[in-house]
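Here is the structure we will look at.
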Amino acid sequence: MNPVNYLFLSALLFTIGAAGVLIRRNAIVVFMCVELMLNACNLAFVTFSRMHGNLDGQIIAFFTMVVAAAEVVVGLAIIVTVYRSRHSASVDDASLMKL
Amino acid sequence: MNALAAYQTSSGEAAQFWVLAIFAVAGALGTVLMRRSVHSALCLAGTMVILAVFYLANGAYFLGVVQIVVYTGAVMMLFLFVLMLVGITATDSLKETIKGQRWWAAACGIGFGILLMAGIGNAGLKDFNGLAAANKPGNVHGLAELIFTKYVFAFELTGALLITAAVAGMVLTHKEKTEKPLSQREQAANRVKEGTHVPPLPAPGVYARHNAVDIAGLLPDGSTSDLTVIKTLRDRGQIRDVSQEAVNDLAALENRTSAYQGRTTLPGQAQQDHQRAAAEGADKAETEKEVTK
């Protein structure tokens, strides 16, 4: 098997995640789809690292994980705050600034 | 053969890839398509575990373990925690606010996927060196060497980011109380001042038959009193009404007796009487509800 297949899988997962962000309207599920996209990117980084025979790709994937963990904390805190004030986690309901 | 081997992985890894890739894609599709958000979260956790296996297969031993510990351990638990907080029964509404949004999104996704895959397919990815040389002193050793030399500034920035995120999490979820909550004594004084429900609220349940907290107590006329059930159950609509049970049992008994004795006229009349009584009871309960409001 050619290791390029890992890249194809990563592209597929990223696409599914992106479609999920567009389709779903529950803020938490949208967030999960973002996580899926980040994970797909990490798989691509790890595969590239193996292809080129150095560890820089793994370092980038490591930093992506750290940023994703920080992002989850802040994002979920925002969702909880929005839910507290509006009693809904749907992204459609947070439309106060819409004309 | 040797040149070919440099481009190929072992057949064992190929088998692992094809089996697990199917489950990974199925999990990703489940994340997007499941209506219940808890099911989405579980599908995503499965996909992340499979990705961890792929990291291990690709020679990223440290990242494989970190993926399991941080993603499926911490991040997904955080997601489930917030799901429980926000309401586990909440499902996505299927009503489209923008017409045809779902189909446009799916079309955009498919187009994007084709574009991405065509790009990868046409890229000249000929070199495949493997990590044998880079992983020689150990994967963790190699990563640490890079993190603390070449990427040390990024690593320090990461520390600042994590502290900021921790503070942001605390600030955002902190709930500011604008006024002091009423103490029990003040609440009692308020009740006396307003003259409503000065004695304790009536207890739930029907004595000698049902004493569960979700069963409304009966008033002297046989109708139920919602005041006897705590507010949480009332708001959820989880009040069980057993006030008609005894009446129905009696009617059934009368029916059976009359069928045994061969009478036909009386039980109908009796049932009508019961129904009228029940209707009056319901009216009574309605008026009482309005009073409580």
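With θ taken as phi - 60° and the Karplus curve 6.51 cos²θ - 1.76 cosθ + 1.60 applied, the whole-hertz 3J(HN,Hα) list for the range B:113-128 is x, 4, 4, 5, 5, 5, x, 5, x, 8, 5, x, 8, 8, 7, 9 Hz, x standing for glycine and proline. Per residue, the convex hull around the alpha carbon atoms of chain A comes to 101 Å³.
Cross-linked pairs A:Lys98/B:Lys231; A:Lys98/B:Lys180; A:Lys98/B:Lys175: Cα-Cα separations exceed 30 Å for A:Lys98/B:Lys231; A:Lys98/B:Lys180.
Backbone amide hydrogens, once placed in the peptide plane, bring B:Arg240 within less than 5 Å of B:Ile215, B:Ala216, excluding anything fewer than 5 places away on its chain. With a cut-off of 15 Å between beta carbons, the residues surrounding B:Asn129 carry a summed charge of +1, where Lys and Arg count +1 and Asp and Glu -1. Seen from B:Thr257, the other residues with C-beta closer than 13 Å to its C-beta sum to a net charge of 0, counting Lys and Arg as +1 and Asp and Glu as -1. Helix A:27-52 axis versus longest C-alpha principal axis of chain A: approximately 10°, rounded to the nearest ten.
Calculated on C-alpha atoms, the gyration radius of the protein assembly as shown divided by its Kirkwood radius gives an Rg/Rh of 1.19. Computed with every protein chain present, the accessible area of B:Cys43 is close to 30 Å² [probe 1.4 Å]. Rounded to the nearest 0.05, what FRET efficiency do B:Phe23 and B:Ala74 have when you use their Cβ-Cβ distance and R0 = 30 Å? That gives a FRET efficiency of 0.85. Taking 0.36 nm per residue of sequence separation and removing the Cα-Cα distance, the B:Val198/B:Val213 pair yields an extension gain of 3.3 nm.
The values are calculated or read from the model by the stated rules, or taken from the named source; none is laboratory data. Since the structure is predicted, the reported quantities are computational estimates derived from the model, not experimental observations. Neighbour counts run over all protein chains shown; Cβ positions are idealised from the backbone, glycine included. In case anyone asks, the SASA skips ligands and DNA or RNA and just uses the protein heavy atoms, side chains included. Shrake-Rupley method; radii C 1.70, N 1.55, O 1.52, S 1.80 Å.
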